[in-house]
Amino acid sequence: MCGIIGYVGPRQSQDILLAGLARLEYRGYDSAGIAVIDGDGGLGMRKRAGKLSVLRDDLASTPLADGTTGIGHTRWATHGGPTDANAHPHLADDDKLAVIHNGIIENFAELKSELMGEGVTFRSETDTEVAAAMIGREYARTGDLVSAFRAVVSRLDGAYTLLAMHKDHPGLVVGARRNSPLVIGLGEGENFLGSDVAAFVEHTRKALAIGQDEIVAITPGGVEVTDFSGAPVEVEAFEVTWDASAAEKGGWSSFMAKEVSEEPEAVANTLRGRIHEGRVEIPELDGMDEFLADIDRILVIACGTAAYAGMVGKYALETWTRVPVDVELAHEFRYRDPVLSPRTLVVSISQSGETMDTLMAVKYARARGAKTLSICNTQGATIPRESDAIVYTHAGPEVAVASTKAFVAQITALYLLALHVGRVRGAVDPVAAVEAVTELEAVPGKIARVLETEQTRIEQLAHWMADTRSVLFLGRNVGYPIALEGALKLKELAYIHAEGFAAGELKHGPIALIEPGQPVFVVVPSPRGSGEMHKKVVSNIEEIRARGARVIAIAEEGDVAVLPAADEVLRIPLAAPMFEPLLAVVPLHIFAMGLAEAKGLDVDQPRNLAKSVTVE
Ligand code: AGP
């Protein structure tokens, strides 16, 4: 969750650092700080608990000396509360060395006692200060910051991105990563380091991804990347497709509002380049046909909203590949001694590509012989780099903590994967595949239509319901994960009790929750075709209405049978059943956002939450 930025070049670094940290705010934090090697060879540092504005105000009242080498950090507290002392950077080697860190150093306690045994004293409760003291101790021996890093990182267990600079070396910032993100921004006569590309995207879109257990040294004229043993390594270059404006609100009331409006293009961009004459061909999976033809099980692992996307994807994967599919929460999967084989395809889903629970599950699966495929929205992130194959979603930067456009992009990527694998295995009827592709290509326009025709009404509904204390969500078949997603959105945005159920489960307990006025959203299947599920869900609605529930149905245009049953009907365009989730979720995203706004809550950065949960 922490935000990291480093700069070396000809320009004054403070504004670059603060602007970069501002673009990283979405990662969630509770303190911030910067350090600068100034023109006189001094090292200045300022850090404050609270939002970036607190640090800015402090610097405005008592400025740091200017300098062109600097590092900056936004911290989400893990070891030690959000205080000025625990904020980063941390200093060592007689305050000549500054260090910032993202992640958790699991063996920091033993290292701390080792250092204290040597008379080192600490000013904070953090694991980071222990790393700083270790680097400082090594540097004092060698006078070489890179070799000091190398001597220390091999002793650190856990997940970390570390950046450091020393006042004896203006124009040099050194970084290292293990199980935590770090990317390089390549400028003209200047270079950047960042926890993700948002840190430097306004200055350059040329980037290099740093791999696991690698150390990078940046100077204005160059970049050197070595592994922990000191051997030079090739790094993967990529062009950042997000521009600076993409990380701005663009005039929307919130990042989330902007991102919900981008749901159509998130689907369209994820489809782009992967459908040729009605056939799904995912270029990133070239050369995997033989393996995909041979898999006998697909295991989807993810957390939160990404897991719900996986639950929707299961229906498509089993329908079009005829391979058994299980969906598991990553943090449960790793601790149950699962049965895996070389014919198991483990598909991870992660918007950030840095969710530690998911990352550790991927590494666990890979270590036990399974092939891993990452569906991820963040180029160069750790999970894709730790996977055998990658299918990127192209939803663009998702800044709001609540995942919306990434969710519909994840489902889209899963459907593409299902059709690609189904084709390779000869498991999907070619006519059905073409029909599915036609449906997929129509989704962006249909989502746009929901936004055009229903958004205002849903926002009004949310404002009318601002005092609601509890909302239930019902769905069946592919609509069930959408009920779960709708409930999660309401929990994380409006801070009220919300629960999603499989509609068929009502009579097995949850119906006891129904009392007069209880709001219940129901995702209604299409009445077309046999309509069997439609009839069952409408009777579910009648059962809860009879007990006083206030039912808001999400139903397809033209479904009249639902009208007498529901208090409100929110309409979605006609689509084949497998594609309804992509449309039905949109009203639930809008509703949750509207209710949070009606309650005056922070839609983009809900309390207690971070955009990327990079600790287990
Ligand atoms: C979604 O609205 C939540 N913020 C959260 O559940 C999120 O989906 C989950 O933490 C997984 O994040 P990831 O997709 O970046 O791995």
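The values are calculated or read from the model by the stated rules, or taken from the named source; none is laboratory data. Predicted, not measured: the structure shown is a model, and the values here were computed from it. As a convention, Cβ positions derive from the backbone with ideal geometry for all residues, glycine included, and neighbour counts pool all protein chains shown.
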Handout entry: Single condition Gly278 does not satisfy, out of (1) within 15 Å of the ligand (Cβ to nearest atom); (2) out of contact with any strand residue (DSSP E or B) (no Cβ under 9 Å at 6 or more places or on another chain)
Key = (1)
Practice task
State the number of residues belonging to region 358-380 that are aliphatic (A, V, I, L, M), assigned to a helix (DSSP H, G or I), away from the ligand (no atom under 15 Å from the Cβ) and surrounded by fewer than 24 Cβ atoms within 10 Å (Cβ to Cβ).
Solution key: 1
Exercise for the section: Quickly run through region 171-200 and pick out the residues that are farther than 11 Å from Ile5 by Cα, surrounded by 24 or more Cβ atoms within 10 Å (Cβ to Cβ) and not hydroxyl-bearing (Ser, Thr, Tyr). Expected result: Val174, Ala176, Arg177, Pro181
Completion exercise
Quick count over region 515-540, residues being touching a residue at least 40 places away in the same chain (Cβ under 8 Å) and either in a loop (DSSP other than H, G, I, E, B) or of a type in the set (A, V, I, L, M) (or both), is 11
Exercise for the section: Kindly indicate which of Ala584, Ala596 is within 16 Å of the ligand (Cβ to nearest atom), assigned to a helix (DSSP H, G or I), among the small types (Gly, Ala, Ser) and buried (at least 21 other Cβ atoms within 10 Å of the Cβ). Expected result: Ala596
Fill in the blank from the handout: Reported set for region 381-396 where residues are in contact with an Asp or Glu (Cβ under 8 Å, 6 or more places away or on another chain) and either more than 16 Å from the ligand (Cβ to nearest atom) or closer than 18 Å to Asn269 by Cβ (or both) is Ala381, Ala389, Ile390, Val391, Tyr392, Ala395, Gly396
Problem - Flag for Ala133 being closer than 19 Å to Tyr160 by Cβ, in contact (Cβ under 8 Å) with a residue 24 or more places away in the chain and in a helix (DSSP H, G or I) - result: yes
Practice task
Determine if region 542-551 includes at least one residue that is modelled with pLDDT of 95 or more, within 16 Å of the ligand (Cβ to nearest atom) and of a type outside the set (Asp, Glu).
Solution key: no
Practice task
Go through the residues of region 454-471 one by one and say whether even a single one is surrounded by fewer than 24 Cβ atoms within 10 Å (Cβ to Cβ) and assigned to a strand (DSSP E or B).
Solution key: yes
Completion exercise
Only unsatisfied item for Val399, checking (1) modelled with pLDDT under 95; (2) within 11 Å of the ligand (Cβ to nearest atom); (3) not polar (S, T, N, Q), is (2)
Problem - When residues of region 198-239 are limited to those that are more than 24 Å from His166 (Cβ to Cβ) and β-branched (Val, Ile, Thr), the one farthest from the chain's Cα centre (by Cα) - result: Thr204
